[in-house]
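Before any comments, here is the structure.
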Amino acid sequence: MNKKEILKILKDDSINSALFDKADKIRRKECGNIVHLRGLIEFSNVCGRNCLYCGINCKNKNVVRYTMNEDEILSCAKNATELGFKTIVLQSGEGDNVSLDKMCSIIEKIKELNIALTLSLGEKTKEEYKAYKDSGADRYLLRIETTDERLYKKMHPDGDFKNRVNCLYTLKELGFETGTGVLVGLPYQEIDSYADDILFFKKLNADMIGLGPFIAHNQTELKEAKNGDLTLALKVMALTRIIMPKINIPATTAMETIEKNGRIKALKSGANVVMPNVTPENIKENYSIYPDKKGVDAHRASELDKLKKEIASLGDSISDDFGVSKNYKYQ
Ligand code: SAH
């Protein structure tokens, strides 16, 4: 599909259910009737960046900042393996409070648990990314957030769009299974730009795409802004699935937060991944990138059970392997 064709579908709401069905069929054909679960550890909310939409940006003085130490991260990772997760995602703000050596040591020790490891630590240098890879990290998530450069600059006054793009190409080049994605419904974000976003995903040949609606956080400059729309986010996601049949796509927490059943809708419209939260309960409220996050709390057996039932009700089973993206080519 070219930009014009993508846009036509994005603008036509009369075909939404056909679009979602098509994406669902393609996901089932190419990735199977299987959902991958990833255990998410939000190990630090320390951040030096000022992304206007994000509740833990460095300007928000109300945030209680924390960084889990190595032992805490490892015990959390071990707990995740005991709960059955085959992939752990380590996510944080973009701080420089965890040294490269420390990060590499954490990566090496987590890999001893015989589990796939995804990192989501923001923009780093090529040397840092390489050190993570050499230590055993398998995957990296770095959303481009939007490919509209002017909007990118507005939303990231301290950001450099070209650097973020370069980071993604560097991650691919280093052999990471590479994930990116966007926010949907940022102030001033135009429908045209989602078509460009999708074509960017394709050009990068991303292995995973995560996207979700923007949700206004009341301690940010965007507190008065309108929230993003679930249907539009699902449309961008479904089109991404159709254009990139083999990639992994999570049903994101933002989708469930903006609308109850958002997760199910996503799993019926092309998504094949869910990322329950394994961050210790006493600190996870401080990782408030947007308010009232409705993630699956893996520490609560009832929530994990409910998710498993939801997945079964869709005719899917839960993967018992690492869930490598079928798009990923070993380097
Ligand atoms: N520091 C890391 C992780 C960022 S948090 C990095 O730069 O990659 C993970 C994602 O949450 C972000 O990439 C962003 O797309 C999303 N996010 C942040 N604030 C949000 C908000 N208010 N509403 C919806 N999603 C948000």
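The values are calculated or read from the model by the stated rules, or taken from the named source; none is laboratory data. This one's a predicted model, so the numbers in the text were calculated from it and none came from an experiment. For neighbour counting, all protein chains shown are included, and Cβ atoms are generated from backbone atoms with ideal geometry for every residue, glycine included. Keep in mind that these areas ignore ligands, DNA and RNA; they rest on the heavy atoms of the full protein, side chains included. Shrake-Rupley method; radii C 1.70, N 1.55, O 1.52, S 1.80 Å.
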### Task
Report, by chain and number, residues whose modeled amide H sits under 5 Å from the one on Leu141, excluding near sequence neighbours (fewer than 5 apart, same chain).
Leu119, Ser120, Leu121, Gly179
## Note on the structure
Which residues qualify? For Asp297, with a placed amide H closer than 5 Å and at least 5 residues away or on another chain, they are Asn277
### Extreme residue, positive dipole direction of the stretch 73-122, given options Cys104, Phe85, Ser120 (C-beta unit charges)
Phe85
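So for the chain, averaging the separation of alpha carbon pairs under 8 Å that are six or more residues apart and normalising by length, what relative contact order in percent results?
Relative CO of the chain lands at 25 percent.
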### Query
Based on Cβ point charges of +1 for Lys and Arg and -1 for Asp and Glu, what charge dipole magnitude is obtained for the chain about its Cα centre, in debye rounded to the nearest 20?
880
## Note on the structure
In order over the stretch 83-95: 3J(HN,Hα) from phi, Karplus 6.51/-1.76/1.60, θ = phi - 60°, whole Hz, x for each Gly or Pro, gives 7, x, 6, 9, 9, 10, 10, 9, 10, 7, x, 9, x
### Query
Isolated Cys in the chain by the 4.7 Å beta carbon test?
Cys31, Cys47, Cys58, Cys76, Cys104, Cys167
### Accessible surface ranking that places the most exposed of Ser75, Ser269 first, with a 1.4 angstrom probe
Ser75, Ser269
### Summary
Output for the stretch 179-274: trypsin sites (Lys or Arg not before Pro) sitting in coil per DSSP, at most 11 other Cβ within 10 Å, listed by number, reads Lys223, Lys226, Lys260
### Summary
Sorted by chain and then number, the residues having a modelled amide H within less than 5 Å of the amide H of Ile34, at least 5 places away or on another chain, are Ser317
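Per-residue ellipticity at 222 nm for the chain, helices alone: DSSP H runs ≥ 4 residues times -39500 (n - 2.57), over residue total, nearest 500 deg cm²/dmol?
Theoretical 222 nm ellipticity from helices: -12500 deg cm²/dmol.
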### Task
Report the chymotrypsin sites (Phe, Trp or Tyr not before Pro) located in the stretch 269-331 that are in a DSSP loop and have at most 13 other Cβ atoms inside 10 Å of their Cβ, or state none.
Tyr330
### Message
Using the Karplus curve 6.51 cos²θ - 1.76 cosθ + 1.60 with θ = phi - 60°, what ³J(HN,Hα) values do you get for each residue of the stretch 55-65, in whole Hz, with x for Gly and Pro?
### Response
x, 9, 5, 5, 7, 7, 7, 7, 6, 7, 7
### Message
Can you tell me how the stretch 150-257 classifies by the Cα gyration tensor, rounded, prolate or oblate, using a/c under 1.5 as the rounded cut?
### Response
oblate
### Summary
Here, chymotrypsin sites (Phe, Trp or Tyr not before Pro) of the stretch 134-196 satisfying both criteria (DSSP loop; at most 12 other Cβ within 10 Å) are Tyr188
### Query
Averaged per residue, what accessible surface does the chain expose to a 1.4 Å probe, in Å²?
44
### Query
Under the Karplus relation 6.51 cos²θ - 1.76 cosθ + 1.60, θ = phi - 60°, what is the ordered set of whole-Hz ³J(HN,Hα) values for the stretch 266-271, x standing for Gly and Pro?
5, 5, 9, 10, x, 6
#### Entry: 17 Å Cα-Cα reach of Lys235 towards lysines, excluding residues that sit fewer than 8 places from it in its own chain
Lys3, Lys4, Lys8, Lys11, Lys22, Lys25, Lys202, Lys265, Lys268
### Summary
Where a ≥ b ≥ c are root eigenvalues of the Cα gyration tensor, a/c under 1.5 meaning rounded, otherwise prolate if a/b exceeds b/c and oblate otherwise, the chain counts as rounded
### Task
If a/c stays under 1.5 just call it rounded; otherwise compare a/b with b/c (prolate if a/b is bigger, oblate if not). Do that for the stretch 1-97, with a ≥ b ≥ c from the square roots of the Cα gyration tensor eigenvalues.
oblate
